[in-house]
Every structure is written in structure tokens, then in C-alpha cells.
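Written out below as C-alpha cells is the structure these notes cover.
Every read-out reported here was derived from the displayed coordinates using simple, explicitly stated rules and does not represent laboratory data. Because the structure is a prediction, the values reported are computed rather than measured. Ideal geometry is used to build each Cβ from the backbone, glycine not excepted, and the neighbour counts take in all protein chains shown.
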Amino acid sequence: MSERNPDDAGGRIESKRERESVAGTADAERETEPLLRIEDLWKSYGNEEVLRGVSLEVDRGDVEVLVGPSGSGKSTLLRCLNRLTEVDSGHVYLGETEVTGPDTDPNAIRQQIGMVFQDINLFTHLTARQNITLGLRKVRGQSKAEARRRADSELDRVGLLAQAGSYPAQLSGGQKQRVGIARALAMDPEVMLFDEPTSALDPELSNEVLEVMSQLVAEGMTMVVVTHEMRFARGGATGITFLDEGKVIEHGPPDQIFDDPERERTARFFQSIRHE
Amino acid sequence: MSDSSPDGVRDRLGGSSRRIGPVLAVLAGVAFWGWLLTRWFNDWVLARVGVGPGAGENYLSPAPFEAAAETFEGTVATVGPVRLPMNWLATLFDGVALAIDIAPILADGAWNTIVLTGVSIVLGLFIAVPIAVLRVYGGPFRWIALAYTELIRGTPLLAQLFVLYYGLPLAVWINDLEMVGRGFVPEYAFWIAIIGFTINGSAYQTEYIRGALESVDEGQLTAARAIGMTRLEGIRHVVLPQTLRYGIPAWTNELVYLIKYSSLAGFITVPELYYRASRVASSTFEYTPIFTLLALVYLGLVLTATDAMGRLERRVAIPGLGQVGGRQQGTSKETRTDADETA
């Protein structure tokens, strides 16, 4: 967090307060501790160092957007947060629990940290509804009726109740990703991780996914989002973290990072994507 | 075949005469299974209560066909200036008479072949699935699965049967069991054949299932683990249901092989189809007609199996998984929706 200067932090908390008063989830006790704390993560594949000492804090209700050139370690960082990838060293804490602790059950942790994938990965052989009920029934041990009710309410939340009986192949890319979000939400996660959720979709279909994500922001969901959608980053994020070569280059509120970055590397990156 | 609902065997037989083909195939199927079922019913049920011709006895007498064959023997039909030799008619009637004679034996052998194949393929599947999972997801224990499949696939089935039958004390153990060989429980050789085919079939099925496992996208298991499933739960509930659907065509192949390989059980005295037919052939020296009839029975069993598996595949088909209707892209039958999807 050495990159963040005190002024930015002040601005950031203010913007969060605004949103929390809307969502009505302000909680003085929780306010003091960040919900997600990432300390000095290192990860390498063979000789290639992907993460080189990444640290980050995400408070409850925060929407942290990770940006950076491809290969900067954004996706690996996300996958380390729910231990789909094991870190080489460093710590991740979710509230009081150390996610990376040797005694922590990754399966229990993953229910609290929902994940949405770039390639969506809906279960191909199951309908939209069954995609959601599977986890509720096999992981949560809910009854068929209970799981079905929950699945339908999640599908309703993403506006796809009418498609409950459709198989993934019968849905559009945007609809599939919305089911993917509903599937993760059904497990009642405390944090949602989005790994380039719209990169596989054409712009028209991206919008319906971004709308669902904005709705989650409004509901006060804590989110860590890897995305190239700068409109979402500007509108929904409480903080932007710019990563390059496995390191946090700069971190701050969206306005500052976009319009007045401190680092030359950050400025160059946003220059280049604006030209696209 | 422009028909949008291809229908396995019937379709293949259909070809250009699409109206007659399916009808003939259904008639042939009804005749084949009608014969087998009535035969079994007669031998096991009716014969016990003293109704009908009795177990293993012919329904019809072959005598009139033999007499007909004799009258055509060496005759020549004269139609105007053309003289046609009629010996082939004699051969045909002889064949029919022979078929009537050995039909009860073939039906009995077919039952044993069906049970051997059916039980072995199902048991083999239960062994093959965990071994294939071990092979693909087993990490450092992969070599166990690899060693198993390579050992079994690398040695001849007949040699495996002989080792089980003669080489191991297995035969003695099974033979010592009270119930073996009594009533409907078959002799010990039959059990050894089932063990042999189960082991052998499981190794081949492992390879088919491994291929199907590897064709399931890795992201599927990742997504399952991301909602808190263990690896094993993810494999069980997400990967395997897809795998088994992908695997049906290859698995059908193994079933078809096993129906025919089961004839090797004859070498350890199991009275299956081939064994029964070859015994009759060696005592009557009517090799050609008997083995032709034998081949027809095997053909009936195999076509039934492929048709049944085709139906199963269509029944469990899920949009977007596999290619039940055949590939659409790149053919003249390309549909509008497919074109849209690929666009």
C-alpha cells in the first residue's frame, strides 16, 4: 500500500460512505478491518515470476478494479484469492480467516468467495437452473425444493427466470455470463471475484453483464474485478489498482488514476488503451 | 440422408429406398427377437409344464424341406430353349432344413453370449470409470492406471482366459461354491469367462473414457471447485456426466467387439454361441451353412446393440454436448441457426 498517498485514501472512504448509506449496510465494527487483506503475494510458474510481492486491502462494500497489460498477473492474483492457484509465499485474509493458512479448507473458503470467469464455464450438461442448484444441493446440502427456490430467485435477480430451463448452448453469451454470476451469488459469498467477465462477449452483450454488475455494486457487494471496461471502472469502482509485471504500480480512486496518475507507466497504459 | 432424425440401423439400411428400408429392418428385428424370445420362453417355461414341443426341440419338422431339396437335386428346368440347373434350390432347402435343426441350439448359445457380454461390459464399466479418472486426475498415481491398461491390452484375451481358467486356483474356488452349476446358476467356466471379459473390457473402456474425460473442458472442473466442490465431487457431478455422454460412441464400439470376442469363452468350454455352433459343425461337417447361420445370429445381436446405443445416445443428448445429429457446419444441410451461431 506504499503507493497510496493519504489524500487519496480520504477521498476513497468518502465515496464508499456515500454508497453504503444507499445500501444501508454500514457497520461500524466491520469498518475498522478490511474484509480482504492481501499481503506480499509471490507466485511463479517455473522461471516466470507472475506475482512479485502484491499487497492490497479491500474493505467491505469496496469495488476494487484491477487493470494492467496482459501478463501483468491480474488473473493469477484473483485465482490466488480463492486458492484455485496456490501461492508460493504471502498471505490472504478474509476477515479473521487466513485463506492461505495450511489448516484452512479451501472448499469452505471458496463458498465465501464467489468467482465469475472470462470463459464463463457454465456446466454444459445442466440447465441454467441446475447450474445453480448443483452447488446448493451438493455443497450446501439443501433440499431439492429449497435449492430450486433459491436458484429461481437468483435467476430473477439477473433477469433470466424465463430461461431457467435452457441449456447453456441455448443461451447467448451475455445470458450465460449472467447465469454464471447467479451461480456464484447463490452460495452467499462475501466477496465476488470477476475475471474479465465481458472479454469473451461482443460489446452489445457486454452491456447486459455490466448492468448486472452495476446492480451488485448498488447492493453493496464487495467485488474485485479484472476488466478492460473502463466505463465500469469509472462508474462503479471505489478503487483502481494498476498492476504491471506482477507488481502493484499504483493504487487510488478512479478519478485520480484515470486523470492524474502519479506513475509514468500508469499514464502510458491508459494512453494506449484510449487509442484502441 | 436429409431426414432430420437419423435412426441408427434403420437409417443406414434405408439408403435410397427410404420407404422399404426401415420397414424391412423392423421386420427383420421382429423376426429375430421373436424367434429368440419364443425359443427361450418355450425352453425354460413351457417345456417345464409340458406344453409345446419341449426344451430344445424344433417347432417345425425339417422333413418337408429335406424332401423338397431331394426333388430338386440334380434337376434342370427347361424354359423354352433355356435350360436352368436347379441345384441351388436344393442347396437352399437343405439350408432351411439345417436352420430348423440347429435353431434351438443357436438360441440357447445366443442367451449365454448375451449374458456374458452384457454382464461383462457393465462390470467392466464400473472398473473402467475410476481407473480412467485415476489416469487423468491421479497425479503421481497415474502410473498405476497406466500399468493396468497396458498390461491388459498388451496381452491376448485368450491367454488371459487360459491363465484364469488353468493357471490360477480361481476355478477350484468357484467350483467349490455350493450354488455354482445348479438350476439357473451356470457352471464355473462361465464365471471365469465373465471375470476375464470384465477385466479385459475394463482396460479398453478405460482408454475410451480417458479420451472422453480429456475432451471435457478444464474450466468445467475449475468452475465446480470455485463454488466449493472438492475435486472428486466436481469430477463426479460435473465432469463424468459429460464424459459418459461423449463416450457413448466409443463405448458402443467396445460393446460390439465384446459380443464377438465373447466367442473365445468357447475355448474354456463355456457353451456360448460359437461353441455350440462349432460342436454341431464338427459332428455334421456342414461347416459352411452352420457358420453362415452363426454369423447371421451375431449380426442380429450386433445390429441390435448399435441400434440400442444409438437410441440411448439420443435419449440422453443435451444441446451443445456431442454431435448426435452429425456435424452441421460445412455441409449443404447447414441450418440457419448454425450459421448464426458460427457467425
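Note on chain A: dipole from Cβ charges, positive end direction compared against A:Phe258, A:Thr198, A:Thr127; the farthest Cα belongs to A:Thr127. If only the Cβ of Lys and Arg carry +1 and only the Cβ of Asp and Glu carry -1, the dipole of the protein assembly as shown around its Cα centre is close to 2220 debye. Ranked by the mean number of other Cβ atoms within 10 Å per residue, highest first, peptides B:137-145, A:250-258 order as A:250-258, B:137-145.
Among B:Arg135, A:Arg83, sorting on how many other beta-carbon atoms sit within 10 Å of each Cβ, with the fewest leading, yields A:Arg83, B:Arg135. Separation of the alpha carbons by more than 29 angstrom is noted, of A:Lys74/A:Lys144; A:Lys43/A:Lys176; A:Lys74/A:Lys176, for A:Lys74/A:Lys144; A:Lys43/A:Lys176. Would segment A:22-148 count as rounded, prolate or oblate if I go by the C-alpha gyration tensor, calling it rounded below 1.5 in a/c and otherwise prolate when a/b exceeds b/c, oblate otherwise? Oblate. Inter-part distance, segment A:224-242 to segment B:103-143, computed on C-alpha centroids, equals 54 Å. With contacts taken as Cα pairs under 8 Å and at least 6 residues apart, chain B reaches a relative contact order of 19 percent. The trypsin sites (Lys or Arg not before Pro) of segment B:159-244 that DSSP puts in a loop, and whose beta carbon has at most 11 other beta carbons within 10 Å, are B:Arg182. With contacts taken as Cα pairs under 8 Å at a separation of at least 6 residues, chain A carries a relative contact order of 26 percent. The value of relative contact order for segment B:43-153, using C-alpha pairs under 8 Å at least six residues apart, is 17 percent. Among A:Asp103, B:Asp108, the ranking by other beta carbons within 10 Å of each residue's beta carbon, starting with the fewest, stands as A:Asp103, B:Asp108. Here segment A:136-235 is assigned +1 on the Cβ of each Lys and Arg and -1 on the Cβ of each Asp and Glu. Its dipole about the Cα centre then comes out at about 520 debye. Dividing the alpha-carbon radius of gyration of segment B:104-326 by the rule-of-thumb value 2.2 N^0.38 Å gives 1.16.
Positive-end ranking of B:Gly300, B:Leu123, B:Pro140 along the dipole of segment B:104-326, with charges on Cβ about the Cα centre, is headed by B:Pro140.
Legend: ranking of residues A:Asp88, A:Asp260 from fewest to most surrounding C-beta atoms inside 10 Å; resulting order A:Asp260, A:Asp88. Note on A:103-109: average number of Cβ atoms from other chains within 10 Å of each residue's Cβ is 2. Cα centroid distance between segment A:38-113 and segment B:250-319, in Å? Centre-to-centre distance over Cα atoms comes out at 58 Å. Is the shape of the protein assembly as shown rounded, prolate or oblate, going by the alpha carbon gyration tensor and its root eigenvalues a ≥ b ≥ c, with a/c under 1.5 for rounded and a/b larger than b/c for prolate? It comes out prolate by the Cα gyration axes. Taking Cβ atoms as reference points and 10 Å as the exclusive limit, the residues near A:Gly174 contribute a net charge of -2, counting Lys and Arg as +1 and Asp and Glu as -1. The residues neighbouring A:Arg150, those whose beta-carbon lies less than 13 Å from its own, together hold a net charge of +3 under the Lys/Arg +1, Asp/Glu -1 convention. Taken about its Cα centre, chain B carries a charge dipole of about 700 debye when Lys and Arg each add +1 at the Cβ and Asp and Glu each add -1 at the Cβ. Is segment A:96-251 best put as rounded, prolate or oblate by its Cα gyration tensor, with a ≥ b ≥ c the root eigenvalues, rounded for a/c under 1.5, and otherwise prolate when a/b is larger than b/c, oblate when not? Cα axes put segment A:96-251 in the oblate bin.
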